[in-house]
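These notes concern the structure reproduced below.
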Amino acid sequence: MDETIEQQQRRVAGYMAAIAQTLSGRPGLLEAFIDNVELIVAGSAANVLTLLRWGERIRRSGVPILLFSPTHEPTVPQITLIAHTDGRTYIIESCMLWMGRDDDRARLVPANCELGAFVFGDDLTIRHRKRAPARSLYAAMSGMKRAYGRLLDLEIEQRSRCAELPLPSLLPIAA
């Protein structure tokens, strides 16, 4: 059965709320989160020219961009991060979610684990940590499972609440 536009918007709103809670560690912050982060849930990864334009835009605005694109593994999206922090602009196409056993929020860790990690503070600004929470993808596996499991649990939980969420704009699909 095909979804209506409103059903798509509600599903995406629930997913966005789950992302916001996973990264902020607190429920009910979707509107505040999207005021501080440009959150894009899209059908495909961005091309290089788009990433460079976004990098220039965030250097001026300071508002980071997170692009969540589906992959062959339905519960593990490709995450692209474009952020300007500590005087540097980061354009990272392959981030993973990582969450420590006692953490209340997930971190964004570049897949090679060599660029540190990014975490959202209580004020919802992004901060760069020089050290990644694990030194390799293999060592990060348990934290990744925990973070993606949390995202999935929150997405399922949000499905029952999606009528309460602000509906996102759906961009037209280019032919």
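The values are calculated or read from the model by the stated rules, or taken from the named source; none is laboratory data. What you see is a predicted model, and the numbers here were worked out from it, not measured in a lab. So basically every Cβ, Gly included, is an ideal-geometry build from the backbone, and we count neighbours across all protein chains shown. The accessibility values were calculated without ligands, DNA or RNA, using every heavy atom of the protein model including side chains. Shrake-Rupley method; radii C 1.70, N 1.55, O 1.52, S 1.80 Å.
Sites counted here are GluC sites (Glu not before Pro) in a DSSP loop (not H, G, I, E or B) having no more than 16 other Cβ atoms within 10 Å; the longest part of the chain that contains none of them is 4-113.
Placing +1 on the Cβ of every Lys and Arg and -1 on the Cβ of every Asp and Glu, with nothing else charged, gives the chain a dipole about its Cα centre of roughly 660 debye. If only the Cβ of Lys and Arg carry +1 and only the Cβ of Asp and Glu carry -1, the dipole of segment 1-96 around its Cα centre is close to 320 debye.
Only one item in (1) 45, 35, 25; (2) 44, 36, 33; (3) 152, 26, 17 matches Cα extents along the principal axes in Å derived from the coordinates shown, and that item is (2).
One decimal place: the segment residue 75-residue 44 gains 9.7 nm when fully extended, by the rule 0.36 nm per residue minus the C-alpha distance. Counting 0.36 nm for each residue step from residue 138 to residue 112 and taking away their Cα separation leaves a gain of 8.3 nm. Under the rule a/c < 1.5 gives rounded, and otherwise a/b versus b/c splits prolate from oblate, where does segment 65-140 land using the Cα gyration tensor? Cα axes put segment 65-140 in the rounded bin.
Considering only 158, 115, 87, and ranking their Cα positions along the charge dipole of segment 81-163 that arises from unit charges at the beta-carbon of Lys, Arg, Asp and Glu, the one farthest toward the positive end is 115. Ranked by the mean number of other Cβ atoms within 10 Å of their residues, highest first, the peptides 103-111, 39-47 fall in the order 103-111, 39-47. On the accessible surface of the chain, probed at 1.4 Å, how many percent belong to carbon and sulfur atoms? On the chain, the fraction of accessible area on carbon and sulfur atoms equals 52 percent. Normalised by the number of residues in segment 80-136, the mean separation of alpha-carbon contacts (under 8 Å, six or more apart) gives a relative contact order of 24 percent. Amide H contacts under 5 Å for residue 132: 116, restricted to partners 5 or more places along the chain or on a different chain, H placed in the peptide plane at 1.01 Å from N.
Spin-label model, residue 156/residue 6: points 7 Å from Cα along the beta carbon direction are separated by 2.8 nm. Heavy atoms of the protein chains alone define the surface here; on that basis segment 15-109 has 48 Å² accessible area per residue at 1.4 Å probe size.
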